[in-house]
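The values are calculated or read from the model by the stated rules, or taken from the named source; none is laboratory data. None of the values given here were measured: they were computed from a predicted structure. Ideal geometry is used to build each Cβ from the backbone, glycine not excepted, and the neighbour counts take in all protein chains shown. Just so you know, the surface numbers come from the protein's heavy atoms only, side chains and all, with ligands and any DNA or RNA stripped out. Shrake-Rupley method; radii C 1.70, N 1.55, O 1.52, S 1.80 Å.
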Amino acid sequence: LSFATVNFWETGPKAAGSRVLWALDAGSLEPEWVSEEARRLLAGEPARNCRAEVAGPADFYASLFGEEQDFEWLLLKGIYFGFDMPRPDFSETQNAIIRLAEVNNLAREQISRLGLNPKDQVALEILNRAEEMFGTIAGLVPALAPLVRWIQTRKVAIAPGPLTDVLAQTARAHEDFAALLTRFKSDTKEIWL
């Protein structure tokens, strides 16, 4: 059972034969769907209400809605497996990608300022606000949450150390994020960053 608060493409299940029954929240998941899928699974019948199936722990999920309809799964394949990035399916998604790029560029500028003056409190405050803005964008356009989690994970992995080392690693994470965002294309133009 999976809900909008987690991303089953990233969290699992990964055991062979698993099925993902998805709903916006627990209150939206009909108990009859759960019992029917359990019965179908035990009887070896195909899934009826599931979003995805798992062939095995090393395999990709098989989307039961068709991959062309699952922007989030295509996005994860683009981020982590080097596949082409999916075309943004709605103008709000495309606009949110552009906003992520703008916020990322703002963060990169502040990191540069902090490299020149580590005591620059304005640059530090702007950098902190940029982090909040990433989260806000992911909240407004949940399909892009894997992108925001990617940069957040990269930054969490930065070990404490001398400020110059931390700034260099942070700058590298944001540069890599910018490169990731440039891989998106729209119908008329590449998103310019």
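Label-to-label distance for T11 and E45 is 2.9 nm, based on points extended 7 Å past Cα in the beta-carbon direction. Once you've got the GNM for the chain with C-alpha springs shorter than 10 Å, pick whichever of T153, T170, T11 has the biggest mean-square fluctuation. Among T153, T170, T11, the largest mean-square fluctuation in the Gaussian network model of the chain belongs to T11. Write out the trypsin sites (Lys or Arg not before Pro) in the stretch 93-178 meeting two conditions: DSSP loop, and at most 14 other Cβ atoms within 10 Å of their Cβ. For trypsin sites (Lys or Arg not before Pro) across the stretch 93-178 that sit outside H, G, I, E and B with at most 14 neighbouring Cβ atoms in 10 Å, the list reads K119. Normalising the Debye intensity of the chain to I(0), with uniform scatterers on Cα atoms only, and taking log10 at q = 0.11 Å⁻¹ returns -0.60.
At an R0 of 35 angstrom, the distance between the Cβ atoms of N117 and R154 translates into a FRET efficiency of 0.90. Between A179 and D84, the contour length at 0.36 nm per residue exceeds the alpha carbon distance by 32.9 nm.
Ligands, DNA and RNA are left out, and with a 1.4 angstrom probe the accessible area of the chain is 57 Å² per residue. Which percent of the accessible heavy-atom area of the chain goes to carbon and sulfur, probe 1.4 angstrom? For the chain, the apolar C and S fraction of the accessible surface comes to 58 percent.
Listed by number, the DSSP H helices of the chain that run 24 Å or longer by alpha-carbon position along their axis and have mean Kyte hydropathy of at least -0.5 are 91-116, 121-140, 163-181.
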